[in-house]
1. What are the pairs, 6+ residues apart or on separate chains, where a residue within segment 17-30 that is part of a helix (DSSP H, G or I) has its Cβ under 7 Å from a residue that is of a type in the set (D, E, K, R) and exposed (fewer than 10 other Cβ atoms within 10 Å of the Cβ)?
2. State yes or no: is T80 exposed (fewer than 10 other Cβ atoms within 10 Å of the Cβ) and in contact (Cβ under 8 Å) with a residue 24 or more places away in the chain?
3. Could you pull out the residue among L32, L105 that is over 25 Å from the mean Cα position of the chain (by Cα) and open to solvent by 60 Å² or more (accessible area, probe 1.4 Å)?
4. Can you confirm whether A38 is within 28 Å of the chain's Cα centre (by Cα), surrounded by 10 or more Cβ atoms within 10 Å (Cβ to Cβ), closer than 30 Å to K94 by Cα and in contact (Cβ under 8 Å) with a residue 24 or more places away in the chain?
5. Looking at (1) without any contact (Cβ under 8 Å) to a residue 40 or more places away in the chain; (2) more than 13 Å from the chain's Cα centre (by Cα), which one does V64 not meet, given that it meets all the others?
6. Which one of V25, V45 is surrounded by 11 or more Cβ atoms within 10 Å (Cβ to Cβ) and more than 20 Å from S96 (Cα to Cα)?
Amino acid sequence: MRYKEIVGMARGSAENLRNWEIARVDELETALADAHAAVAAAAEVEERAAERAARWWKMAQHNVERLTWLELEEPEPVSTARPQYLERYLEEVKPSYQELVQAVLALGWRAKR
């Protein structure tokens with residue numbers, strides 16, 4: 001009788017373990033799908049930000065290309081930038097660009113070479 005009780009408990013434990021493993025697989029698959037979606041969304045945001053930065057850079061380059069004494073270097077991504085501040089960084093580009101345009105215009109005759 002005791003043997004049957006132990007075997008029954010072992011079967012019940014095995015069934016509980018199997019159910020837990022199946023539930024855990026479902027949780028992990030859901031988490032994996034969410035992670036893939038988050039990576040895809042982040043890649044899309046990164047691509048849009050890179051395109052936006054490239055447009056601003058080309059406009060800035062166009063404004064200063066007539067200044068022969070100024071050498072331009074391609075900007076490099078900053079590895080210490082925080083992803084959560086991306087929008088803030090992008091919003092700072094327009095005022096900086098406008099300052100650049102005003103500075104080039106202030107050069108007057110030098111800018112018209």
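The values are calculated or read from the model by the stated rules, or taken from the named source; none is laboratory data. Nothing here was measured: the structure is a model prediction, and the numbers come from that model. With ideal geometry, Cβ positions are generated from the backbone for all residues, glycine too; neighbour counts draw on all protein chains shown. Side chains are part of the model used for accessible areas, which takes the heavy atoms of the whole protein and leaves out ligands, DNA and RNA. Shrake-Rupley method; radii C 1.70, N 1.55, O 1.52, S 1.80 Å.
1. none
2. Details: exposed (fewer than 10 other Cβ atoms within 10 Å of the Cβ): yes; in contact (Cβ under 8 Å) with a residue 24 or more places away in the chain: no.
No; evaluated as a whole, the condition is false for this residue.
3. Result of the check over L32, L105: L105.
4. Taking the combined requirement at face value, the residue does not satisfy it.
5. With respect to (1) without any contact (Cβ under 8 Å) to a residue 40 or more places away in the chain; (2) more than 13 Å from the chain's Cα centre (by Cα), V64 is out only on (1).
6. Values: V25 fails: surrounded by 11 or more Cβ atoms within 10 Å (Cβ to Cβ).
Among V25, V45, only V45 is surrounded by 11 or more Cβ atoms within 10 Å (Cβ to Cβ) and more than 20 Å from S96 (Cα to Cα).
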